[in-house]
Protein chains: 2
Amino acid sequence: MNVLIVYAHPERRSLNGAINDFTVERLRNDGHAVQVSDLYAMNWKAPLDANDVRERNGDTPFHPSLDSKHAFENGLQSRDIEIEQDKLRWADALILQFPMWWFSMPAIMKGWVERVYAYGFGYGVGEHSDTHWGDRYGEGMMAGKRAMIVVTTGGWESHYGPRGINGPIDDILFPIQHGVLFYPGFDVLPPFVVYHTSTMDDARLQATCDALGQRLDRLWDDAPIAFRKQNHGDYAIPLLTLRDELAEGRTGFAAHVE
Amino acid sequence: MNVLIVYAHPERRSLNGAINDFTVERLRNDGHAVQVSDLYAMNWKAPLDANDVRERNGDTPFHPSLDSKHAFENGLQSRDIEIEQDKLRWADALILQFPMWWFSMPAIMKGWVERVYAYGFGYGVGEHSDTHWGDRYGEGMMAGKRAMIVVTTGGWESHYGPRGINGPIDDILFPIQHGVLFYPGFDVLPPFVVYHTSTMDDARLQATCDALGQRLDRLWDDAPIAFRKQNHGDYAIPLLTLRDELAEGRTGFAAHVE
């Protein structure tokens, strides 16, 4: 199978660099083809702006989504965006690997999402009407592909536990796992989280890689997170609220997992 | 009072541009001093990297937090970072204004947070031991200042409601409101959210500005979100889990609001 790793860390000689090297090697040893988008090494342009559209009339106000639609439909996207889209078309699985910074992905990776997820590719796919609110949340261009987050954080596991001060790790990652990955159709595997990075030593790194290796070996076997699909009857359309009889009385992110 | 608005939209001739203009004018009419960090206009460097430290020895691996600590303590930060830190010192209130992209702030603003929040300034403040886990979540360099998010989104209010498919807006914004704003000490006011932006017309824009204006007039009067402070007894230290008798049996972000 084909695996795309989108990776964001400014220093190759780092824990994240070691984990990235291990991941590539393990996947190749398992017989997979691997491409890495090393965003810092690529000097990836983070901000989405009018320069993302070729042959643009500068007199017209730039509209992030409508300009993206126009550029995607007419082959006028910036070349760096097209290359990443081709990698996603090629991939059977996507791994997002990053250090958690301020409870989300690094800016450079957020910019990858914003620019590569064009209108017509990452969103704005399928019929948009009052009875069908687009092919998203379980449908879309990434349907049939798998995705997984590999993330490191300085905080302890308890800080990200059910009642930990940072909030539960599943909730912290929900805007990415549900909003960035499930939205365009990926089946999202549980994340691989490395906590308390300041205490990492050789023995713990070995144990961490062993555990990650097992997850990589099962990339096509593990069950994805059971996020509810938008267009299979669980939500009222167009309000897009969860039907009363499902997860009765519950609110919050967890209600959107079956 | 002094208000810093950090603003991220690539097009001034946009809904966000109009809201930004209105905000500046209203605050000035109310007698406040206002500075705007217009990140796109400033061509703000989004990615945090080794170039953020002056006079760095390139042979040493770059370590995001330790290099930041060294640079902050020794006056070796990149000048653009220092300027933004001075604006934060000057400000009595911070407004983050942005369009919601992929359930978070635009990459360029995320990069503002990552680079301006240096170790010793945005985090790593105060004693760090097994009995005191830093001055954070209600304490820190921003203590006594107020903060508020002003955000636009294409989705409907119901899509972000308690059982809406995107997740509740308060949960979507929690990593920013709690993790980026409350963490270094800001008192965080409820967000001002503009939904369903595609239907914006002159009448609705007027009503939106009227409502926002009232919020701006009360910037120093409204009650902040009652996030629980880390160091006032609600959490076990160093595990940083909410004490059993508080919000009994509840998990998730909402448990961290009194």
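The values are calculated or read from the model by the stated rules, or taken from the named source; none is laboratory data. Predicted, not measured: the structure shown is a model, and the values here were computed from it. All Cβ positions, even for glycine, are placed from backbone atoms using ideal geometry, and neighbour counts span all protein chains on display.
When the residues of region A:2-15 are narrowed to those that are in contact with a strand residue (DSSP E or B) (Cβ under 7 Å, 6 or more places away or on another chain) and either of a type in the set (V, I, T) or surrounded by fewer than 22 Cβ atoms within 10 Å (Cβ to Cβ) (or both), which ends up nearest to the other protein chains (Cβ to nearest Cβ)?
In this case the residue turns out to be A:L15.
Just the residues that are surrounded by 24 or more Cβ atoms within 10 Å (Cβ to Cβ), within 30 Å of A:D135 (Cβ to Cβ) and more than 7 Å from every other protein chain (Cβ to nearest Cβ), please, taken from region B:170-191.
Across region B:170-191, the qualifying residues are B:L173, B:I176.
Here is a yes/no grid of residues against (1) small (G, A, S); (2) more than 24 Å from B:P224 (Cα to Cα):
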position	(1), (2)
B:V3	no, no
B:I19	no, no
B:N57	no, yes
B:P64	no, yes
B:G75	yes, yes
B:D80	no, yes
B:K87	no, no
B:A93	yes, no
B:L96	no, no
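How many residues, within region A:28-84, are of a type in the set (F, W, Y) and in contact with a strand residue (DSSP E or B) (Cβ under 7 Å, 6 or more places away or on another chain)?
Residues meeting the conditions: 1.
Among the residues in region A:8-27, are any free of Cβ contacts under 8 Å to residues at least 40 places away in the same chain, in contact with a Leu (Cβ under 9 Å, 6 or more places away or on another chain) and not hydroxyl-bearing (S, T, Y)?
Within region A:8-27 (the criterion being free of Cβ contacts under 8 Å to residues at least 40 places away in the same chain, in contact with a Leu (Cβ under 9 Å, 6 or more places away or on another chain) and not hydroxyl-bearing (S, T, Y)), the answer is yes, since at least one residue qualifies.
One residue is enough: does region A:156-165 have a residue meeting the conditions more than 10 Å from chain B (Cβ to nearest Cβ) and either surrounded by fewer than 21 Cβ atoms within 10 Å (Cβ to Cβ) or at pLDDT below 95 (or both)?
The answer is no, given that none of the residues of region A:156-165 is more than 10 Å from chain B (Cβ to nearest Cβ) and either surrounded by fewer than 21 Cβ atoms within 10 Å (Cβ to Cβ) or at pLDDT below 95 (or both).
Being assigned to a helix (DSSP H, G or I) and within 21 Å of B:D59 (Cβ to Cβ) is the filter here, so list the residues in region A:6-30 that pass it.
A:L15, A:N16, A:G17, A:A18, A:D21
Does region A:48-61 contain any residue that is assigned to a strand (DSSP E or B) and either under 26 Å from A:M148 (Cα atoms) or more than 14 Å from chain B (Cβ to nearest Cβ) (or both)?
no
Could you figure out which of (1) aliphatic (A, V, I, L, M); (2) on the phi < 0 side of the Ramachandran plot; (3) within 13 Å of chain A (Cβ to nearest Cβ) isn't true of B:I225?
Unmet condition: (3).
Results for (1) among the small types (G, A, S); (2) touching a residue at least 24 places away in the same chain (Cβ under 8 Å); (3) buried (at least 17 other Cβ atoms within 10 Å of the Cβ), shown as yes or no for each residue.
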position: A:D67; (1), (2), (3): no, no, yes
position: A:D80; (1), (2), (3): no, yes, no
position: A:L96; (1), (2), (3): no, yes, yes
position: A:P106; (1), (2), (3): no, yes, yes
position: A:K110; (1), (2), (3): no, yes, yes
position: A:R115; (1), (2), (3): no, yes, yes
position: A:E127; (1), (2), (3): no, no, no
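A:H132 is checked against (1) more than 7 Å from chain B (Cβ to nearest Cβ); (2) at pLDDT 95 or above; (3) on the phi < 0 side of the Ramachandran plot and fails just one. What number does that condition carry?
For A:H132, the failing item is (2).
Kindly provide the set of residues from region B:210-236 that are among the hydrophobic types (A, V, I, L, M, F, W, C), within 23 Å of A:E157 (Cβ to Cβ) and either at pLDDT below 95 or within 18 Å of the chain's Cα centre (by Cα) (or both), ordered by number.
Result: B:F227, single match.
Output the residues belonging to region B:213-241 that are in contact with a helix residue (DSSP H, G or I) (Cβ under 6 Å, 6 or more places away or on another chain) and either outside any loop (DSSP other than H, G, I, E, B) or without any contact (Cβ under 8 Å) to a residue 60 or more places away in the chain (or both).
Answer for region B:213-241, where residues must be in contact with a helix residue (DSSP H, G or I) (Cβ under 6 Å, 6 or more places away or on another chain) and either outside any loop (DSSP other than H, G, I, E, B) or without any contact (Cβ under 8 Å) to a residue 60 or more places away in the chain (or both): B:G213, B:L216, B:F227, B:L239, B:T241.
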